[in-house]
Amino acid sequence: MPAKLLPTRPASAGRRRCLRGLVAGAAVATGMVSPRIPAQTYRGLFNRASPDLPTRASRVVSLEFLFTESLLALDVTPVGVADPRGYAHWVKYRADRLEGGETAGVSVGTREQPNLEAIAALRPDLIVAYAYRHERLFDALVRIAPTVVFNVQPAPGEGDALDRMLEIFRSIGGMTGRSALAAQIVRDCQARIASARARALQDGFRDAPIALLNANAGGGNFWAYDNKDMIGALIGHLGARNALGWLDARASMVNLSLGDLARHPEWSLMVVDNGAAPAYQLPVWRALPAVRDGRVAFLPPSWGFGGPVSLDRIIGLVSSAFASMAPAMRRRAAGV
C-alpha cells in the first residue's frame, strides 16, 4: 500500500533564505535553454504542471521509482533521485547508474519527503513528481524548475494503469528529446502483449475472471489488485478479466481472506508467493475450486508498479503462470 504522507517541517527563516537563493540560482541556470511546449499537450496525465514544459530536458529530478525507471530506459540518468537505495532494492533496472561517479543521480531524500534544498542545488530543468505523494509540494517545486505531477492511477473511463503508464512514458520521452525511442519501446511492449494475448486466448483464458493476489505473511490472507495497478491491468490486456475490476476511487487493492476466495468459485487465482506457506496445506485452501481444478499459479515476487522494463518482466512471469494453468483453462472453456 502507498506510504502515508509525512508532515512537512516548517522552514526556519535561515532555511527559507537558503532555499530562495538556491531557487534563484536554478532559475538562472535552467532559464529557457531548450524549446518549451504547453502542458496541455499532455492533457489528462497531470494533476498539476507548469504551464510550459521542456522538450529536451537533461537535468531531471525524479521523485518516484516509476519515473526513475522510465528515464533510465530512455538513457537519461536523472541528476536527482528520491530513495535511490529503495530503487536499487525493488526495481533494480540500471540501478548502477545511480551509484557514484560524476553522472550518477544524487539522492534528494525520500519519496514521501523529498529535500527541496537538495533539489534546488542540482539546478534541474525538469522535476517529475507523483500526485499521491507530491501534490502538496507543487508550489514549492515549481519555483525551482518546470514541474509535472503525474496522475499515475487513472479514474474509471480513463483507461487502466497499464495504458496510463505507457502514456506517461511517452510524455517523459517528449520532455527529454527521446520521443522516437519512447515510441519504439512502447511498440515493443504492445507487440509482446499481443503475442502473449494470442497464446492466452488459444488456451481458454478469454474473459476468464482471474484474481491477482499478493500473499501476506503466512499466506492466510491476500491483497488483491484491481485495474488501477499495472500488474492487475495486464490481465485484461491478455484477454482474461481482472476479477476485482475497479475498486473504490481511492483504493487499488483490497484484502481478501480464504473465506472470501471460497465465495467466488468462478475465479482462477494467480498468487505472488512461492507457495510454501503452511496456509496452502489447509483444507480450506485445498478445497477451493481453483485449487482443485488446477486453475491456480504462483508468481515469483517482482516489482509491479514500474515502467516498460518492469512490464516486460511481468509479461514473462504472467505468461508462464498462464501456461501452467492452460490445461485446466482449456477444459473449463470446453465445459468439461
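The values are calculated or read from the model by the stated rules, or taken from the named source; none is laboratory data. The structure displayed is predicted, hence computed values, not measured ones. Every residue, glycine as well, gets a Cβ built from its backbone with ideal geometry; the counts of neighbours run over all protein chains shown.
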Cβ contacts < 8 Å: first residue at negative phi, restricted to segment 79-101; second residue of a type in the set (Asp, Glu), any location; separation 6+ or different chain. Result? Ala82/Glu64; Pro84/Glu99; Tyr87/Glu69; Ala88/Glu99; Val91/Glu69; Tyr93/Glu69
So, restricting to helices (runs of 4 or more DSSP H) that lie completely within segment 113-154, which ones have at least 3 residues that are farther than 16 Å from Phe65 by Cβ? 116-121, 138-142
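Every residue in segment 65-84 that is part of a helix (DSSP H, G or I) and out of contact with any strand residue (DSSP E or B) (no Cβ under 7 Å at 6 or more places or on another chain), please.
Quick first cut of segment 65-84, residues part of a helix (DSSP H, G or I) only: 65-73, 84.
Once the filter is applied, which keeps residues that are part of a helix (DSSP H, G or I) and out of contact with any strand residue (DSSP E or B) (no Cβ under 7 Å at 6 or more places or on another chain), segment 65-84 yields Phe65, Leu66, Glu69, Ser70, Leu72, Ala73.
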Qualifying residue in segment 157-176 (condition: of a type in the set (A, V, I, L, M, F, W, C) and farther than 23 Å from Ile37 by Cα): yes
Would you confirm whether or not segment 297-309 contains a residue that is modelled with pLDDT of 95 or more and farther than 30 Å from Tyr130 by Cα? yes
Out of (1) within 30 Å of Pro300 (Cα to Cα); (2) crowded, with 17+ Cβ neighbours inside 10 Å; (3) out of contact with any helix residue (DSSP H, G or I) (no Cβ under 9 Å at 6 or more places or on another chain), the one Lys92 does not meet is (2)
Please specify each residue of segment 256-277 satisfying the condition of being outside any loop (DSSP other than H, G, I, E, B), without any contact (Cβ under 8 Å) to a residue 40 or more places away in the chain and under 15 Å from Ser302 (Cα atoms). none
Determine if segment 251-274 includes at least one residue that is buried (at least 17 other Cβ atoms within 10 Å of the Cβ), hydroxyl-bearing (Ser, Thr, Tyr) and farther than 29 Å from Ala88 by Cα. yes
Any chance Arg170 is assigned by TED's automatic domain parsing to the domain that holds Asp293, assigned to a helix (DSSP H, G or I), of a type outside the set (A, V, I, L, M, F, W, C) and crowded, with 16+ Cβ neighbours inside 10 Å: no
Please go through segment 303-336 and give me each residue that is in contact (Cβ under 8 Å) with a residue 24 or more places away in the chain and outside any helix (DSSP H, G or I), ordered by number. Trp303, Gly304, Phe305, Gly306, Gly307, Ala334
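Could you check how many residues of segment 304-332 are closer than 30 Å to Gly173 by Cα, of a type in the set (Phe, Trp, Tyr) and touching a Lys or Arg at 6+ places or on another chain (Cβ under 8 Å)? Walk me through it before giving the result.
Of all residues in segment 304-332, those closer than 30 Å to Gly173 by Cα come to 304-319.
If we keep only those that are of a type in the set (Phe, Trp, Tyr) as well, we get 305.
Keeping just the survivors that are touching a Lys or Arg at 6+ places or on another chain (Cβ under 8 Å) gives none.
Total satisfying the criteria: 0.
May I ask you to list the residues in segment 111-144 that are of a type in the set (Gly, Ala, Ser), farther than 11 Å from Ala49 by Cα and crowded, with 22+ Cβ neighbours inside 10 Å?
Within segment 111-144, the subset of a type in the set (Gly, Ala, Ser) is 118, 120-121, 129, 131, 140.
Add one more test, that the residue is farther than 11 Å from Ala49 by Cα, and what stays is 118, 120-121, 140.
The answer is Ala120, and nothing else.
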When every residue in segment 186-212 that is surrounded by 14 or more Cβ atoms within 10 Å (Cβ to Cβ) and farther than 22 Å from Ala243 by Cβ is compared, the one farthest from the chain's Cα centre (by Cα) is Arg192
